[in-house]
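The values are calculated or read from the model by the stated rules, or taken from the named source; none is laboratory data. Just so we're clear, the structure is a prediction, and the values are computed from it rather than from any experiment. Cβ placement follows ideal geometry from the backbone for every residue including glycine, while neighbour counts extend to all protein chains displayed.
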Amino acid sequence: MPTESPALLPLLKLVHLLALAGWFAAAFHLARLFNAHRAALRRWEPERGLLHERFTIMERRALYGLAWPALVLLVLFGLWQLWSMPGLLKSPYMHLKLGLVAVLVVYQLFIHRVQARLQTASLTWSGPMLWLFGQGAWALLVALLATVTFRDQLGWTWGALGLLVLGVVIGYAVVKARGASPADGKKPDAAGKPETKD
């Protein structure tokens, strides 16, 4: 497998780290916006409508202007590094890191879902629940920093755990990608079979 020139590898790592920093900046910013948006939805009109519109715009800018682009760059440049240095895939550290990145992607999907619910003012989470969700980014950051710091001390148990998490996330994504079957969403009749329209 071809390897990149030694001068290009530091640049790949730099862009990878910048994308990671950008994603965390967006995640922290969105967590604060979500809490403020939820509080704004409890106000009276016309203030409620004005604040709702403003928060929706700010959230969309952070989500589509920073969070998603940063995540895409993070994954692309991470895969490029793995393609350039395939020996990394033998490391338990890399297995655990891949598992954490998979969790990060799932967390991003939840961020997207929360923003969509807030946009339609249909989020039912309580304030403490939303605050706790916002702390997920901090937990991911601590886990990634600990993984990098103790990379030489990580054994195969941690690597296997990372691969397990990665496998679960991929399996879940495959199941969701298949979509709902035609019978989904239809009320069952007395015999337990879905109702069909003639």
Checking A116 against (1) part of a loop (DSSP other than H, G, I, E, B); (2) surrounded by fewer than 18 Cβ atoms within 10 Å (Cβ to Cβ), the condition it does not meet: (1)
Across the range 77-100, what is the total count of residues that are in a helix (DSSP H, G or I) and either polar (S, T, N, Q) or closer than 17 Å to F150 by Cβ (or both)? 12
G65, sole failed condition from (1) closer than 29 Å to P128 by Cα; (2) under 21 Å from the mean Cα position of the chain (by Cα); (3) surrounded by 12 or more Cβ atoms within 10 Å (Cβ to Cβ); (4) not charged (D, E, K, R): (3)
Please verify whether the range 170-191 includes one or more residues that are under 25 Å from A21 (Cα atoms) and at pLDDT 65 or above. yes
Checked the range 23-62 for anything among the charged types (D, E, K, R), under 30 Å from V101 (Cα atoms) and either touching a strand residue (DSSP E or B) at 6+ places or on another chain (Cβ under 6 Å) or free of Cβ contacts under 8 Å to residues at least 40 places away in the same chain (or both); matches are R61
Does W44 satisfy being more than 18 Å from T120 (Cβ to Cβ) and outside any helix (DSSP H, G or I)? yes
Check the range 67-75 and report whether any residue there is within 30 Å of V168 (Cα to Cα) and not aliphatic (A, V, I, L, M). yes
Take L71 and decide whether it is out of contact with any strand residue (DSSP E or B) (no Cβ under 7 Å at 6 or more places or on another chain), farther than 29 Å from A36 by Cβ and either buried (at least 18 other Cβ atoms within 10 Å of the Cβ) or modelled with pLDDT under 90 (or both). no
